[in-house]
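Report on the following structure.
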Amino acid sequence: MATAIRTPFFTPTATTAAQNQPLLRLQFPPSSKRRNSFPSFSISCSSQSQSQPQSQPEPEPLRQRPPYIPNHIPDPSYVRIFDTTLRDGEQSPGASMTSKEKLDIARQLAKLGVDIIEAGFPAASIDDFEAVKMIATEVGNAVDENGYVPVICGLSRCNEKDIQRAWDAVKHAKRPRIHTFIATSSIHMEYKLRMTREQVIQKARSMVAFARSLGCQDVEFSPEDAGRSDREFLYQILGEVIKAGATTLNIPDTVGITMPSEFGKLIADIKANTPGVENVIISTHCQNDLGLSTANTIEGARAGARQLEVTINGIGERAGNASLEEVVMALKCGGHIFNNLHTGINTRHIYLTSRMVEEYSGLQLQPHKALVGANAFAHESGIHQDGMLKHKGTYEIISPEDIGLERTNEAGIVLGKLSGRHALRKRLEELGYELKEDQVESLFWRFKAVAEQKKRITDADLRALVSDEVFQAEPIWKLADIQVTCGTLGLSTATVKLVGDDGSAHVACSVGTGPVDSAYKAIDLIVKEPATLLEYSMVAVTEGIDAIATTRVLIRGDSNQTATHALTGESVQRTFSGTGAGMDVVVSSVKAYIGAINKMLSFKETPSAEKIPVNASNVS
């Protein structure tokens with residue numbers, strides 16, 4: 001192994017004999033001693049074999065999840081994962097999801113192994129309340145063979161109506177939790193709440209006590225904008241809510257302004273100066289406005305936080321939240337630095353969960369998104385490819401199989417028009433999809449239709465087809481047929497046939513500025529539910545003229561479909577996304593529009609929660 005010998009600096013002169021000597025000289029031992037003299041170190045944090053000639057140690061067995069106690073974790077190195085995809089994540093513009101979609105995601109989060117699911121903001125609307133109640137009833141009581149069942153949490157502002165509403169929704173779960181919050185920074189108290197420090201403390205203390213009085217034994221409290229709050233005031237209000245019965249204290253970096261070292265010190269200071277803090281769990285919730293949410297979350301864990309609030313794909317308000325996949329895999333890879341902190345997450349479900357959230361929310365991932373982006377495990381550089389062929393550990397610290405992603409060129413199955421159901425099901429399973437028999441059957445005939453036109457079906461094609469067949473809203477309307485006429489010789493015309501949920505067929509014809517415009521107008525004539533198209537985008541799934549096209553649209557209903565926003569307390573009009581896939585770009589576009597309309601129609605036309613501006617603060 002080389003030994004570094006530093007030489008003193010010289011001022012170069014014409015007479016200096018050492019002027020051409022290097023500042024750092026490497027002395028190597030004799031070749032007989034040099035073989036295998038490199039230090040041993042971890043070449044990757046993957047539990048998968050990287051297919052290198054060297055032997056790899058067996059992957060470590062998963063550490064046992066400790067028993068759930070609201071205000072205590074028996075294992076000091078265990079970190080709870082609190083997923084708020086269904087609450088904070090849904091606050092992203094266009095990310096409105098139906099109750100069925102939320103239930104599907106909650107089931108997948110349970111497979112992933114998250115400790116707490118924040119299922120929503122029950123006071124936002126009747127539909128949100130029903131969705132949280134459904135998740136609490138079904139997912140919140142599905143105990144597995146190891147005794148695991150996720151905590152189901154509902155968010156509420158610091159007022160009795162919100163807290164009662166949250167409790168009515170989550171109390172059906174085996175492990176229910178109420179999460180209440182109020183702002184504590186000077187700027188929020190003065191300009192938004194218009195309350196004094198004493199009034200804020202009194203409100204927080206009384207509302208935590210009220211939540212406990214309802215019979216809820218698991219209450220989380222968040223001081224909104226904690227990162228910009230006065231430290232002494234923060235210690236004081238946290239101490240008061242602990243005495244009132246809070247079991248978890250969540251410390252949010254609401255505006256994403258805190259630097260990692262600052263946030264770590266904030267958590268450490270709270271643990272050192274808050275009276276009674278030894279009787280609660282400290283949590284983090286970091287926004288990504290400066291791209292530091294994952295780093296801040298990790299620093300919080302290093303400083304003693306034992307609950308981390310995250311979302312799938314990092315979706316959420318403004319620039320989003322700390323990403324679950326990034327935080328979990330960073331803890332796994334950095335165990336030697338983080339004192340062996342660990343979670344109960346089954347990482348092999350990360351990729352499918354990411355895809356499900358992407359499809360249901362309509363928020364598409366950038367290709368270079370860490371871990372789950374399309375390019376995360378792609379190697380195009382010749383130097384990189386050469387290294388990968390010789391040893392995957394040269395450029396991959398994580399095996400894609402660790403997060404549930406099977407490599408296309410290692411699967412051993414090439415699908416085409418002669419492939420059968422068994423081959424299709426096998427490849428879907430390798431890609432992480434667990435589909436029901438009727439879903440596979442429906443997908444099989446779509447697959448065969450595409451295979452007749454394409455020589456080879458890629459994994460990207462399969463994912464697009466699964467998205468189009470499985471990850472869709474309840475089919476209130478289905479596309480039966482479409483015929484368009486367009487070009488430079490006259491107006492574009494579209495004839496559309498839709499089938500309603502009662503089986504009745506409806507046909508309409510319309511003209512427009514192009515084939516998509518005329519088709520959308522024809523659909524509007526049938527549905528009779530006016531909507532405004534806000535966004536339209538299309539991408540080719542693969543290269544080639546025969547590629548499948550995936551279309552995404554975002555619409556806003558002209559009727560009054562509103563919800564109460566947790567950030568401001570104001571009533572906001574919902575927007576709805578839809579996706580479609582097909583080898584015909586017009587068909588793909590029409591499917592996306594119908595999907596968005598189905599999602600819009602599935603929401604109950606009910607008034608949103610009562611506006612309570614005094615306490616309209618937000619946890620994020």
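Net charge within 11 Å of T258 by Cβ-Cβ distance, Lys/Arg positive one each and Asp/Glu negative one each, not counting T258 itself? Spell out each step's value before the answer.
Details: positive: R228, K265; negative: D225, D253, E262, D289, E299.
Summing Lys and Arg as +1 and Asp and Glu as -1 gives -3.
Heavy-atom accessible surface of region 229-363, averaged per residue, reaches 31 Å², computed with a 1.4 Å probe.
Full extension of the chain segment joining E441 with S261 gains 59.5 nm, where the gain is 0.36 nm per residue of separation less the Cα-Cα distance. Within region 89-185, what whole-number % of the accessible surface is contributed by carbon and sulfur, with the 1.4 Å probe and all protein chains included in the calculation? About 49 percent, which is the carbon plus sulfur part of the accessible surface.
Take H422: with every protein chain present and a 1.4 Å probe, its accessible area is about 150 Å².
Using a 1.4 Å probe and counting only protein heavy atoms, arrange L525, L371, L443 so the residue with the most accessible area comes first.
Values: L525 95, L371 25, L443 0 Å².
So, going from the largest accessible area down, we get L525, L371, L443.
Residue ranges 155-168, 425-438 sort as 155-168, 425-438 when ordered by packing (mean number of other C-beta atoms within 10 Å per residue, highest first).
Of the listed residues E406, E232, the order by accessible area with a 1.4 Å probe, largest first, is E232, E406.
Given a 1.4 Å probe and the protein chains as shown, C486 ends up with an accessible area of around 80 Å². Taking a sphere under 12 Å around the Cβ of A272 and counting the other residues whose Cβ falls inside, with K and R at +1 and D and E at -1, yields a net charge of +1. Our coupling estimate for region 115-129, obtained by passing each phi through the Karplus curve with A = 6.51, B = -1.76, C = 1.60 and θ = phi - 60°, is 7, 10, 10, 7, 7, x, 10, x, 7, 5, 6, 5, 4, 5, 4 Hz, Gly and Pro reported as x.
Label region 51-209 by shape, choosing from rounded, prolate and oblate, from the square roots a ≥ b ≥ c of the eigenvalues of the Cα gyration tensor; if a/c is under 1.5 it is rounded, and otherwise prolate applies when a/b is larger than b/c, oblate when it is not. Let's see the in-between values first.
Numbers: a/c = 1.95, a/b = 1.62, b/c = 1.21.
Note, shape of region 51-209 comes out prolate.
Here's the picture: charge each Lys and Arg Cβ at +1 and each Asp and Glu Cβ at -1 in region 270-345, and of V280, N339, T297 the one pushed furthest to the positive end of that dipole is N339. Straight-distance candidates among the lysines for linking to K454, with alpha-carbon spacing under 18 Å and chain neighbours fewer than 8 residues away dropped: K417. Taking 24 Å as the straight-line reach from the Cα of K369, the lysines in range (excluding those fewer than 8 positions away in the same chain) are K102, K111, K332, K392. Taken one residue at a time, the phi angles of region 343-352 give Karplus couplings (6.51, -1.76, 1.60, θ = phi - 60°) of 10, x, 6, 8, 5, 5, 9, 5, 5, 5 Hz. Gly and Pro are set to x. Per-residue SASA remark: T493, around 40 Å² accessible (1.4 Å probe; ligands, DNA and RNA not included).
Excluding same-chain neighbours fewer than eight residues apart, the lysines reachable from K192 by a Cα-Cα span under 21 Å are K161, K203, K611.
Can you sort T495, T180, T294 by 1.4 Å-probe accessible area, starting with the largest? Write out the running numbers ahead of the final one.
Values: T495 55, T180 0, T294 30 Å².
Accessible-area ranking of T495, T180, T294, largest first: T495, T294, T180.
Would you tally the net charge around Y235, using a Cβ to Cβ cut-off of less than 12 Å, leaving Y235 out, and scoring K and R as +1, D and E as -1? Here the charged neighbours net out to -2.
The values are calculated or read from the model by the stated rules, or taken from the named source; none is laboratory data. Computed from a predicted structure; not experimentally measured. Cβ atoms come from the backbone with ideal geometry, glycine included; neighbour counts cover every protein chain shown. Please note that ligands, DNA and RNA were not included when accessible areas were found on the heavy atoms of the full protein model with its side chains. Shrake-Rupley method; radii C 1.70, N 1.55, O 1.52, S 1.80 Å.
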